[in-house]
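This report refers to the structure that appears directly beneath it.
The values are calculated or read from the model by the stated rules, or taken from the named source; none is laboratory data. Since the model is a prediction, treat every value here as computed from it, not as a measurement. Counting neighbours? That spans all protein chains shown, and the Cβs are built from the backbone with ideal geometry, glycine included.
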Amino acid sequence: MRILVHDANLLIDLFHGGLLEAWFAQGYEIHTTSLVLTEITGPEQKSAVHELVSQGALMITDTAADEWSAAEKLARTWGVSIPDASVALLARKLDAVLLTGDGTLRKKALADKLEVKGTLWVMDELVASRMIVPLLAVQALTKILESGGFLPRAECIARIEKWSGG
């Protein structure tokens, strides 16, 4: 099983969809960086993510001084935040799949030959593994979109139709 590295955007989407518990019960080895934790600002979101960390479900990599410099350089080059650059570097270091909902990070990481997946892939995995039923996936996706999640509209409509039995 591949190692997964999360950015803040994806963690926030899963929080809004009520899917964190189901996703982290999948058994994947999931990492993020300490810099990403600084982007989780909502009190309830922080609490949920810190609970995952305390349970050992989400592993945190502290960004060392030399990695900070590399993250700053990559952030400037790619036009992304330093926390986003830090997860790209961690995914590269661990030969992991980068999970992100950030469009710029996705494009740059794919161009850099990283494997990249997003929120909809996570939801597909949850439905396929029967961790959630399709109706719950529709409800979760609706909540994510209502909370301001930036997901590809056509793909969302296709999933809602498929999961609704249409």
In the list E67, E72, E29, which residue meets the criterion of being over 24 Å from T104 (Cα atoms), in contact (Cβ under 8 Å) with a residue 12 or more places away in the chain, acidic (D, E) and out of contact with any Cys (no Cβ under 8 Å at 6 or more places or on another chain)? E29
The residue that is farthest from D84 (Cα to Cα), considering only those in segment 102-137 that are among the aliphatic types (A, V, I, L, M) and in contact with a Lys or Arg (Cβ under 8 Å, 6 or more places away or on another chain), is A137
Looking at segment 116-143, I want the residues that are assigned to a helix (DSSP H, G or I) and have a partner that is buried (at least 16 other Cβ atoms within 10 Å of the Cβ) and among the acidic types (D, E) with Cβ atoms under 7 Å, at least 6 apart or on another chain. Which pairs are those? T119/D13
Taking segment 130-157 and keeping residues exposed (fewer than 13 other Cβ atoms within 10 Å of the Cβ), at negative phi and of a type in the set (G, A, S) leaves S147, A154
Have a look at A65, A75 and point out the one that is at pLDDT below 95, of a type outside the set (F, W, Y), over 21 Å from V122 (Cα atoms) and not assigned by TED's automatic domain parsing to the domain that holds K143. A65
Flag for L120 being within 13 Å of the chain's Cα centre (by Cα), crowded, with 21+ Cβ neighbours inside 10 Å and within 21 Å of Q26 (Cβ to Cβ): no
What do you reckon, is I82 over 21 Å from T38 (Cβ atoms), surrounded by 14 or more Cβ atoms within 10 Å (Cβ to Cβ) and over 15 Å from the mean Cα position of the chain (by Cα)? no
Taking segment 25-47 as the search range and keeping residues that are part of a helix (DSSP H, G or I) and buried (at least 17 other Cβ atoms within 10 Å of the Cβ), which one is nearest to the chain's Cα centre (by Cα)? V36
